[in-house]
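The values are calculated or read from the model by the stated rules, or taken from the named source; none is laboratory data. Predicted model only: the values in this text are computed from it and were never measured. Glycine also receives a Cβ, built like all others from the backbone with ideal geometry; neighbour counts cover every protein chain displayed. SASA here: full protein model, heavy atoms, side chains in, ligands and nucleic acids out. Shrake-Rupley method; radii C 1.70, N 1.55, O 1.52, S 1.80 Å.
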Amino acid sequence: MKKIRIKKPDIKAGVQKLKTLKWSDVKAGYQKSRQLRAEKMEAFRNSAAWKKMQAVNAQMNRFSLILHGIWAIIINYIIEAMSRHSVMAAWEYSRISTKAFLYNAFMIFVTFSVVYLFKRRAFTRIIISILWFVLGIVNGVMLSRRVTPFNAQDLKTVAEGLSLFTNYFSVLELIGLGLGAVLVVLFLIYLWKTVGQFKRKVNYLLSAAVVAASFGGYGVLTDYVIENRIVSTYFANIAFAYQDYGLPYCFAASIFNTGISEPNGYTEEMVAEITNDSEIVKSTADTDLMPNVLFVQLESFFDTSEFKSLNTTIDPLPNLRKMAEEYSSGYCQVPSIGAGTANTEFEVITGMNLRYFGPGEYPYKTYLKERTAESAATAFKSFGYGAHAIHNHSGNFYSRAKVFNNIGFDTFVCKEFMNFDTTPNGWAKDEVLLEHINDCLDSTEQQDFVFTITVQGHGSYPEKKVLKDPHLYAWGTESAKKNNQWTYYANQVYEMDTFAKNLVDMMEKRGEPAVVVFYGDHLPTLGLAEADMKSESLFNTNYVIWDNIGLKKEDGTIPTYQLMAEVMDRIGLHSGTIFNYHQQRKDTEVVDYLMDLELLQYDLLYGKQYTYKGEPVITEGNIEMGVRDSEILYLSESLDGEYTIVGNNFTKWTYVYINGEKQSRKFVNENTLKLKKSHLEDWDVVTISQVGSSNTIFRTSEEYVYLEGRLVPYTEELKTEKMLLDYDGDPAKAAAEIRQRNRELKRAELKVE
């Protein structure tokens, strides 16, 4: 066998060639390579293979509509197999839900109709095919990392998109995706140069008519499949909807079907009738007792005894069960199954029914992220309450920092302000929320409304045993893997229940009037079916309303969009347009009640706001992130030049800024940060900030200045001294600068007021 010899590269000669290289040589080389490519292309186009390809293209153009239909079915099958992670699962879907499958294939077929508007038809077909395959690949990969399928909400902003990808993909996977994207682009460039064009003249009028007819037919077919319930316009669970109705339809619905459509009969007179000539906007109280009101949304929480087959060694929720026996409790009807925390949250906090929005829509992202609206925060603030939101997860997740600002909260404490233990899956444990709830209550002199969203119960739930010393074990399901998942989940419920008890104990210890509402946002994603549940519903979680003000025990089932209004009514508070509407109309004829609710929601969010008569409840927010100030006590420098900053209220998301530039730092603990690569000089200004995803600065400390090896507060006296130094000791110039700064500060104070 002949040995393969690798010629040793002549590096010196290569370097010498680069040194003597002239621009004219580069141009000549480029022209030569271009000429060679043109000659190769000409030879290829004169080859027998090219002629055969042209003959095939001619036949494909002749029967293109039929081929488009066949190819659309194949694409639909492939992307469904990607999404379901199984070829057989895709086959079962196409067999059982044949009409939905063919409807989705027709949607893909319609997109191919646009090729008739171009001369490069083959190239356009490839582009469209690649886009569909990319959709299937991205959705399949996303579903291997999370429960929620890929949808339009993931594309709302570039920043959130980058955050999303870094959350669900490793560095190597991201590199692989990037390389794949580069290869696809290179492949498309090659096809652009090599694939032939349609030889005849394009009849744009006829082609446009074909495209219009295709999309018109799709519209007619869509109406048909919706009317005949082949697909639905309401997604109780977006993951299940993708399974039932197909990826193309669901993704398209998430793009085009958002917001609330204008209801029939929407007029100023109708709004006046529903709102009693806007009297419904006013706030009234039946009592002088104003208790602290705490809502606690427990992630994936429900009473595990509701699952008929499940057995546990001990009761996972003894404390909440005891509360349920002594205080008002029952089923909480949530709008989603297995996912959709933000949507349950939306219904509770606004009183609005999610059913009137688009399928799979998250109003946090489509509306409240950019625009203001009434909420429980504005309702309680009308009685002088402070309004606080707390969540032991990222402040930017579901755009909560922006949303809570736009719906009137005074403060928002997110995980960037917390130090906490985590579950084996990496979610923050709920016990950390106690100190932050207490901080919010202590931050004001008056009563407070505190809305808390927990995260400990979040999936996924491991199929292997991961708990070293579990509180309890679960069994009774169909497999050991399922038992392990339920054991993990039940142990999280046990700790959530302990958190609930500790919160109630804390409120009793404070000795203030209080009402605390615990409820689950949705069932866990553990494959439950209606037949598994005692309530025979997958939309029922559980709620308990604890109080120390003597409220009457009233059990029952409450939809989440009525929960806030119900609690306020029992306390004797009537505020907020939607909440007042529920209190006045929820016991009236159901059809009229829901139709008027839809119209009222439309008026407040998308209509002309006749309800407000030109005086909306909220026009802008003024939220403060966090309630604790981080502070620097002192700084020390080691012999190797490493700085140690000692202070209070540091977290993993505390960063140091020197003269406005973010520094590389190491978080040691809540009192210590280390700077290894920084250098400080006299008069450098130092601040510390809590920083969220996408480098969002949530809160910044007061300024400190570095002087003679120490960090000290940057007082007005020191700023004046610095100005004198900057102006070479000229008091007149420094005084002018100080007057200008004072004027700017005064204008800023007036703006805040």
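A few comments on the model shown:
- At most 12 other Cβ within 10 Å, DSSP loop - GluC sites (Glu not before Pro), segment 334-421: Glu370
- Candidate aspartates and glutamates for bridging to Lys27, where Cα separation is under 19 Å - those fewer than 8 sequence places away on the same chain excluded: Glu39
- Cα centroid separation, segment 225-283 to segment 331-360 (Å): 12 Å
- Cα gyration tensor shape for segment 610-666, rounded if a/c is under 1.5, else prolate or oblate: prolate
- For segment 323-442: rounded, prolate or oblate by the Cα gyration tensor [a/c cutoff 1.5]: rounded
- 20 Å Cα-Cα reach of Lys509 towards aspartates and glutamates, excluding residues that sit fewer than 8 places from it in its own chain: Glu326, Asp430, Glu431, Glu435, Asp439, Asp442, Glu445, Asp448, Asp497, Asp547
- Helical segments meeting 24 Å axial Cα length and Kyte-Doolittle -1.0 threshold in the chain (DSSP H): 64-84, 121-143, 171-194, 204-227
- Within the chain, percent of DSSP bridges classed antiparallel, to nearest 5: 65 percent
- In this Cβ point-charge picture (+1 for Lys and Arg, -1 for Asp and Glu), the chain has a dipole of about 7560 debye about its Cα centre.
- Shape class for segment 517-607, computed from the alpha carbon gyration tensor (a ≥ b ≥ c): oblate, with a/c not under 1.5 and a/b at or below b/c.
- One decimal place: the segment Leu205-Ala285 gains 22.1 nm when fully extended, by the rule 0.36 nm per residue minus the C-alpha distance.
- Computed from backbone phi with θ = phi - 60° and the Karplus coefficients 6.51, -1.76 and 1.60, the 3J(HN,Hα) list for segment 459-471 is x, 7, 10, x, 7, 9, 6, 10, 8, 6, 9, x, 6 Hz; x is used for glycine and proline.
- Listed candidates (i) 44; (ii) 50; (iii) 55 - label of the one calculated as percent of Cα pairs over 37 Å apart: (iii)
- Ligands, DNA and RNA left out, the accessible area of the chain computed with a 1.4 Å probe is 56% carbon and sulfur.
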